[in-house]
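Since the structure comes first, as structure tokens, the remarks are kept for the end.
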Amino acid sequence: MNKTARSPKPAPKQTFEGVHPSLATTQDDWLASQKIRLLMSLRKAGVTDTRVLGAMENVPREQFVEEAFRDRAYDDNALPIACHQTISMPSVVAMMTQMLDVKPTQCVLEIGTGSGYQAAVLAKLARRVHTIERHAPLAEIARERFTAMKLRNIDSHIGDGSKGWPHAAPYERIIVTAAAPEIPQTLLAQLSIGGKMIIPVGLHVADQFLLRLTRVAEDEVRKEVLSPVRFVPLVAG
Ligand code: SAH
């Protein structure tokens, strides 16, 4: 057969760095393999709660990042989102969620909806999630994502979360995903007795710590300092 008459070889399908072409030929395959890799590294790093790992497996993080960053959705990195904010690192989401110890009967308040990813993970673990975001465009995009993913147990609100969401208080769990200069007493007041709150506290990015506050009695709060973290600031108003 004349060599030049041969039909051209089909163009190779797009493949992704680090994965054998026979294993990952589409972006979906690539993302699935990256997700497994991430979940394994989270486990190694101490995220052993199978409910938390299961929730993170079931929430497609690629749907919560900008189109341009989809390939990097399962890297353990924070990524930029609209309004100059960020979606938190998966390992931070995993650790904070594990520390929060959410039970299926509980109602959770999240301050700082951002992309909506953390709220979606919580929605897999809790009975109900209230989430508040001060930037309306972020809250609206997050709401569309919750609807598309049929996450019907999330109530999303626009406003200043440093005041909490008194309308549905008290909460058994509160998670703050922006750094507060000090522990907001208004939020503590919305925590039920026995309730837990996870919050990054610190005036400067370089000295923020993650705290776990447990309201052991009406007027007694136990404070645990967990680890150094870096969060965008909680902006009042
Ligand atoms: N939980 C988010 C990460 C959020 S980054 C996620 O999973 O993507 C922190 C978010 O807190 C930002 O979107 C920021 O706009 C919001 N924020 C900061 N101060 C706030 C306030 N006082 N009330 C509500 N949201 C606030």
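Descriptive notes on the structure:
- Rounded if a/c under 1.5, otherwise prolate or oblate - region 76-146, Cα gyration tensor axes: oblate
- Highest-fluctuation residue, Ala180, Ala217, Ala68 considered, GNM on the chain with Cα pairs under 10 Å: Ala68
- Candidate aspartates and glutamates - alpha carbon under 14 Å from Lys163, same-chain residues fewer than 8 apart omitted: Glu110, Glu133, Glu182
- In the chain, a dipole from Cβ-located charges (positive for Lys and Arg, negative for Asp and Glu) runs towards its positive end, and of Met95, Ile175, Gln34 it is Gln34 whose Cα lies farthest in that direction.
- Beta bridges by DSSP in the chain, antiparallel share as percent, to the nearest 5: 45 percent
- Spin-label model distance (nm) - Thr214 vs Thr186, 7 Å beyond Cα toward Cβ: 2.8 nm
- A helix-only calculation puts the chain at -8000 deg cm²/dmol for mean residue ellipticity at 222 nm, using -39500 (n - 2.57) for each DSSP H run of at least four residues, averaged over all residues.
- Relative to one another, the C-alpha centroids of region 102-152 and region 181-221 are positioned 20 Å apart.
- Label-point gap, in nm, between Asn77 and Ala206 - each point 7 angstrom along Cα→Cβ: 2.4 nm
- Arranged from fewest to most other beta-carbon atoms within 10 Å of their beta carbon, Glu67, Glu144, Glu62 become Glu67, Glu144, Glu62.
- Among His130, His135, sorting on how many other beta-carbon atoms sit within 10 Å of each Cβ, with the fewest leading, yields His135, His130.
- Proportion of all alpha-carbon pairs of region 78-228 beyond 24 Å (%): 24 percent
- Put in line by how crowded their Cβ is, counting other Cβ atoms within 10 Å and starting with the fewest, Lys163, Lys35, Lys150 read Lys150, Lys163, Lys35.
Every number here is computed from the coordinates shown, using simple stated rules; none is lab data. Just so we're clear, the structure is a prediction, and the values are computed from it rather than from any experiment. Glycine gets a Cβ as well: all are built from the backbone with ideal geometry, and neighbour counts include every protein chain shown.
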